[in-house]
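S.K.: Dropping a structure here in C-alpha cells format, bear with me for questions.
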Amino acid sequence: MRTNFLRTAWMLIPLALAGAGAAGAQTATGAIAGTVTAATSGQALEGAEVTAEGAGIAELTDAAGRYVLEGVPAGEHILKVRIVGYAPQERQVTVTAGRTTVADFAMQVSDVSDAPVWMLVDWQANVRAGVSTPFAGAAWARDFNTESYAHIDENDFKLVSASPLSTFSIDVDRASYANVRRFIQDGERPPVDAVRIEEMINYFPYEWGDVAGEHPFAVAAEVWEAPWKREHRLVRIGLHARSIDTDDLPPGNLVFLLDVSGSMDHPDKLPLLKKAFTLLVDQLRPEDRVAIVVYAGAAGLVLPSTPGDRRGEILAALERLEAGGSTAGGAGLKLAYETAREHFVDGGNNRVILATDGDFNVGASSDGEMVRLIEKERESGVFLTVLGFGTGNLKDSKMEQIADHGNGNFHYVDGLLEARKVLVEEMGGTLLTLAKDVKLQIEFNPARVAGYRLIGYENRLLADEDFNDDTKDAGELGAGHTVTALYEVVPAGSAVPGDPDVDALRYQPQADDPPPSDFEGEMLYVKVRYKDPGGSKSKLLERAVADRSATPSTDFRFAAAVAGFGMLLRDSDHAGILTLDDVVTLAEEGKGDDPRGYRGEFIRLVEATRDLRLLNAETDESGGLR
C-alpha cells in the first residue's frame, strides 16, 4: 500500500504551471517509483525520505521499502534518498511525460545522516501523521521551573515488639547528591523531596576490605552512638562488591539512547551529554560494541552497532547530534532494547544507557505506562543505566522509576567532573552488574532493641514476605560498588520516639519485659538475598551483628555526617540536637585520605549551606524559594 507524499513548506518549490486556455496547457508530468533496501542485507527500509529535488515532491517508503512520486514534471531531476543510520544517496533521473521511471536504491550504513538527526526523526513522524508544516526551531521556554520529584514520607521509628523485621531493596543510585550539590552551588536550598539520604550516603566510596569466597560481595557492620541523639545507637551495614579492572570487564554491547528533543537544547544538556559520552567512548576496547539510538518526535538509529576501537565513527555520530522537536521516549526505549537484543553477547555486558532530562511527553508518557514498558523489556537480560542532565526541566521522579524498574541505576550529571566520575572512574560499577535483585532483611533482637528506624530507602521498602519471593524485583550491585545502610536503634528499656499510646496486649510479652533470648549478645541479624546477573534463583548471605559499640571508623563518621546533613536539608523530626557545625566537625573527622577530593567538597557544601543560611529559606512545591 502506497504512503501519501508530503510537500513541506521548507522544501516546497512551486511547480511551473501554464494556465488553461489563454494561459496555456499544464506542464506534462510523469512519476518515479522504486524500492529502498539495505545494501548488505537486502532488507527493505521503511521510512526512508525520497525527494525529487527541484520539484518539491517527497515521500517516505512503506513497510516493503516502496515509494512512488507522482506529478513530477517531465525532464531531468536529482533524486535524493535519506534515512537515519545510512549514507545519503542521490542520482539523476529522466522523467517522461505520462510514464513511470524506476529508480531503486541500496543504502550503505553510515555513522550519521546528512540532516540533523532531530529534523529527520521529527519529519518522518510528521509524514506518518499527515502533518505538512515547516519545522519550528528549537525555541523552548526556560524561564519557569518544571522539575518534578516524587514525594517522600520519612521513615519513622518502629517497635520491635510489633515489627521485628525490616526489609528493603538496595539502592546504588547516586543522583540525589549531585543534584543537591547543584542547588547549593547555585545558592538555593534543594527541594525537600530532591534529598534522598541513601543516595547521598552512597555517592561516596568507602573501604570495606577485600571480597573473598563464593559470593561477589561481602557484608560488614559497625555499631556506634548516634551523633544527633547520644542515647541511641547508630548501626552501619555495608555491602562491598568485588572490584574488576577495566581491562578484565566482559565484552560490552552498549546502546546509547540519547534524548535530542527540544528540551535538550541548552548548554547543560545536549552539549554536556556529548562531552560526557566522549569520555566513555575513550574507554572502549575493540571487543566492545556501541550503537546510538536517538529520539525526538520519533526514534531513529543514528549509529548501528560498531566496534569500540572505531572511535572516529562513534564520536562523529555524537558530534552531529542537534536538539529540537518533541519527545517520544517510549519509542526510543523500544528501539534501543531491540538494538541491544539484536547484538546480545552471552556472558557480556548488555546495556542501554539512557541520557535525558526525563521530559517524556509524546508516546508512552505516564509514569505507570513507562514503568510497565521497562519491566517488560528487562526480561530480555539487557540492563539499564539512566543519566540525568540539565536544570529547570529535570524529571527526577520519572528517571528514578525507570532505573529502579529496569534493572539499572540512576545518576545525575551536573558537569564534566561528575561525568568522569560516573563513566570513567566508576565505569565497572556503572556498566557491569555482579548481582541483581539484591534485598536485605534485618531481624532485631527484642532483648536488645526496643525500636529502630531505617535512614532513607523510603522508596525501596519491601514487604517482609517479598524477601523470599524470587519474582520480586530489587536493586542491582555493580563491580566495585559499596552500599551503606544506616539504622538508628533505640536500646531495650528506652522509650521509642512516637510510640503510640495503646493498651498493653493481653497475650504478648510487654515492651518493658523483653523475653529471654538464646542470643543475648546479638543486636540484630542481617540476611541478604541476590541473584547472579543471568540467574532466576536467589542465593543467601547472613551474619549476626553484636551489640557492641566501638570506636567508629573514619568511613562511619563520614557516612553519619552525610546522613545528618540530609536530615537537616529535609527538616527531619529526627535530627535532634544536630547542627551544620556538628556536621562539618563530624565530616572533617571522617575525611581520611580523600584522594579524589569528594569529601572535601562535601565539607565545603555544608559550610556554604551554613554561611548562606539556606536552611532558613523555605521552598515551595516546585522547588523555588519563597
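The values are calculated or read from the model by the stated rules, or taken from the named source; none is laboratory data. Just so it is clear, the model here is predicted, and its values are computed rather than measured. Counting neighbours? That spans all protein chains shown, and the Cβs are built from the backbone with ideal geometry, glycine included. Keep in mind that these areas ignore ligands, DNA and RNA; they rest on the heavy atoms of the full protein, side chains included. Shrake-Rupley method; radii C 1.70, N 1.55, O 1.52, S 1.80 Å.
S.K.: Can you give the FRET efficiency to the nearest 0.05 for ALA162 and LEU461, using r as the Cβ-Cβ distance and R₀ = 22 Å?
M.R.: Numbers: r = 16 Å, r/R0 = 0.72.
So the FRET efficiency works out to roughly 0.90.
S.K.: While we're looking at this one, here's another question. Report the charge-dipole magnitude of region 519-626 in Debye, nearest 20, computed about the Cα centre from +1 at each Lys and Arg Cβ and -1 at each Asp and Glu Cβ. Show your work: numbers first, answer last.
M.R.: Numbers: 16 positive and 20 negative charges, 130 e Å.
My answer is approximately 620 debye.
S.K.: Accessible surface of GLU287 in the full protein assembly, 1.4 angstrom probe, to the nearest 10 Å²?
M.R.: Accessible surface of GLU287 is approximately 90 Å².
S.K.: Counting only residues 5 or more places away or on other chains, whose amide H sits under 5 Å from the amide H of ASN349 once H atoms are built in the peptide plane?
M.R.: Counting only residues 5 or more places away or on other chains, the set is GLY252, ASN253.
S.K.: By how many nm would the segment from SER549 to THR585 lengthen if fully extended, with 0.36 nm per residue of separation less the alpha-carbon distance? Numbers along the way, then the final one.
M.R.: Values: separation 36, 0.36 × 36 = 12.96 nm, distance 2.06 nm.
Fully extending the segment from SER549 to THR585 adds 10.9 nm.
S.K.: So if we plug the beta-carbon distance of LYS376 and ASP309 into 1/(1 + (r/R0)^6) with R0 = 35 Å, what FRET efficiency do we get, rounded to 0.05? Each step should come with its number before you reach the end.
M.R.: Details: r = 34 Å, r/R0 = 0.96.
Taking R0 as 35 Å, the efficiency between LYS376 and ASP309 is 0.55.
S.K.: Just how large is the dipole of region 361-497 about the Cα centre, in debye to the nearest 20, putting +1 at every Lys and Arg Cβ and -1 at every Asp and Glu Cβ? Kindly include the intermediate steps, with their values, before the conclusion.
M.R.: On the way: 13 positive and 23 negative charges, 57 e Å.
Dipole of region 361-497, to the nearest 20 debye: 280 debye.
S.K.: If you count only protein heavy atoms with a 1.4 Å probe, what accessible area per residue comes out for region 253-327, rounded to a whole Å²?
M.R.: Details: 2130 Å² over 75 residues.
Per residue, region 253-327 has 28 Å² of solvent-accessible surface.
S.K.: Moving on. Between GLN108 and ALA63, what is the spin-label point distance in nm, taking each point 7 Å from the Cα along the Cα→C-beta axis?
M.R.: It is 3.2 nm.
S.K.: Once label points are set 7 Å from the Cα along Cα→Cβ at both SER494 and LEU540, what is their separation, rounded to one decimal in nm?
M.R.: 3.1
S.K.: Modelled label-to-label distance, ALA44 and ARG506, 7 Å Cα→beta-carbon offset: nm?
M.R.: 7.7
S.K.: Take VAL211, project a point 7 Å from its Cα along the Cβ direction, then tell me which residues of region 147-178 have their backbone nitrogen under 19 Å from it.
M.R.: 169-174
S.K.: Which aspartates and glutamates, if any, have their Cα less than 13 Å from the Cα of LYS539, not counting same-chain residues under 8 positions apart?
M.R.: Answer for LYS539, where 13 Å is the Cα cut-off: GLU214, ASP437, ASP469, ASP470, listed by chain and number.
S.K.: Further, regarding this structure: Can you give the accessible area of ASP573, probe radius 1.4 Å, in Å² rounded to 10?
M.R.: 140
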